[in-house]
Amino acid sequence: MEEKFDLVVIGSGPGGYTAAIKAAKAGLKTALAESGEIGGTCLNRGCIPTKTLMHSSHLYYMAAEFDKFGIGISGLSYDINKIQDRKEEVVKKIRDGIRGLLKANKITVFNGAAAILNQGIVRLARENDGSSDGGKTRTEILTDKILIATGSRPYLPCIEGIRAGHVVTSDELLEKKDMLYKKLLVIGGGVVGIEFATIYREFGCEVEILEAADRILPAMDKEISQSVAMNLKKKGIKIHTKTKVIKISENHGLLCEYEEGGAGLPGQTGTADREMEIKKAITAKTIAADGILVSAGRTANTKSLFGSGFFLDMDGDKIKVDSGFETSVKGIYAVGDVIRGTQLAHAAAAQGIAAVENMCGLPSAVNLNVIPSCIYTSPEVAVVGLSEEEAAAKGYAVKTGKYPMSGNAKTVLSMDERSYVKVISDSATGKLLGAQIICARATDMIGEFATAIVNGLTAKDMASVIRPHPTYNEAVTEAVEDMEGMAIHLMPVKR
């Protein structure tokens, strides 16, 4: 038996390492167990490597149009190996930073696959150099409390041929270092699919997207979805909605067979005529590609997490937790992608902090009800709070303000794409309820709206702030003033 800990955190992603540091600062003797690289999915196979690649693709795409800015350039090219090397350097630098934080806070880090044997024992299996027991060293760690932060992995739907060569998830696509696929087919028009489609297209590759719903980004505001689709199509990305993938086959590359049409067609639902309309509208088609990215969602990492005879209450593939993130077994908590809710790195980090506060009896420091969501396309997309439709559905008397960025001086001088800022408030109180932004630097700007919503600020409160000129952020003033009918646009704008 190893020494006893107050808390053992399983998983070192944003939810895990943030919770471990919070616990150590609160005086708990803390250990962290990780079977892979420190940093979890976000750092090693998600947010950071994806955005690093996207930064390079954005620069290359912009450089191809430098003549519009009066800059001449010849022999423009990119080296995908150097781009991948830079991605690895960025990941390593951040990973080393996290290791430094864990060490500075005196957190014991175990490398190995952890399994919960019971309420107070975690078994750690580590590779060794040839002993018995299947080449693994097994250590049992005593602890008062356990926090599960094992995250998620890409989900593979049941499609014939989905395990063919060059049919990959985001994990494998990020590891592909030698070359880009000349033509990439993306199955799934959610955030992951959209971002990889953008990267490949900006590097000059041919890209098509298949989405089962009637629009890409189906979980986001409809107007955002439409604007993103327009910008992607403008870049040359083909988008197919209302699709169902039937089969993937290998024949001098990859061939994807799918059906298009059917959902959302006019007619009387549930009648024989309606069924006939759907059958007639469905069209069988095929797309050839060098590579296929499957971005059909993610599933919780709970495989081999529990020892024989030990169980937690589950909600499908997710672990059930209460409002304090405690599971059905007292003293065991779970946060992040492994539980039901928003699957975002910053959400997991906030939940990790909240879980430690609950187990230590500390006051809550973070508002978990207001979580921004971002997409790092060009232009960027960021949303927070309620959309106009969601606010109306909750019974609010909705008031909106909108400012098209075509009237924003920074947008004009930067030659940015179609974009806008939209704000939603409660007309009875004037308090902000939500915001949607699609423009350059949207992911940086959304924090101002998150702060306003958490603190109950009104449109007048937001309008009272002087914002510097020329900046993208001036659009915040224009949008909230538009809500109050007092906007003074910096340039004439056609509505």
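A short reminder: the numbers here are calculations on the coordinates, not readings from a lab. Values in this document were obtained by computation on a predicted structure and should not be read as measured data. Every residue, glycine among them, receives a Cβ derived from its backbone with ideal geometry; neighbour counts consider all protein chains shown.
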Legend entry - Computed magnitude of the charge dipole of the chain (debye, nearest 20; Cβ of K, R +1, Cβ of D, E -1): 260 debye
Inset, instruction - Taking just the C-alpha trace of region 63-177, give me its Rg and Dmax in Å. - result: 22.6, 69
Legend entry - Packing-based order for 363-372, 99-108, using average beta carbon neighbours within 10 Å, highest first: 99-108, 363-372
Legend entry - J(HN,Hα) series, region 306-318, from Karplus relation 6.51 cos²θ - 1.76 cosθ + 1.60, nearest Hz, glycine and proline x: 10, x, 4, x, 9, 9, 10, 5, 10, 10, x, 8, 9
Legend entry - Simple spin-label estimate for residue 82 and residue 317 in nanometres, 7 Å along Cα-Cβ: 3.9 nm
Legend entry - region 289-422: Cα Rg divided by the 2.2 N^0.38 Å rule of thumb: 1.44
Legend entry - All Cα pairs of the chain, percent lying beyond 37 Å: 38 percent
Inset, instruction - For residue 246, list long-range residues whose amide hydrogen, built 1.01 Å from N in the peptide plane, is under 5 Å from its own amide hydrogen. - result: 257, 258, 259
Legend entry - region 44-145, relative contact order in percent, only Cα pairs under 8 angstrom and at least six apart counted: 17 percent
Legend entry - Efficiency of FRET from Cβ geometry, residue 469 and residue 172, R₀ 60 Å, rounded to 0.05: 0.85
Legend entry - Per-selection metrics, region 366-464 (Cα): Rg and Dmax in Å: 13.5, 41
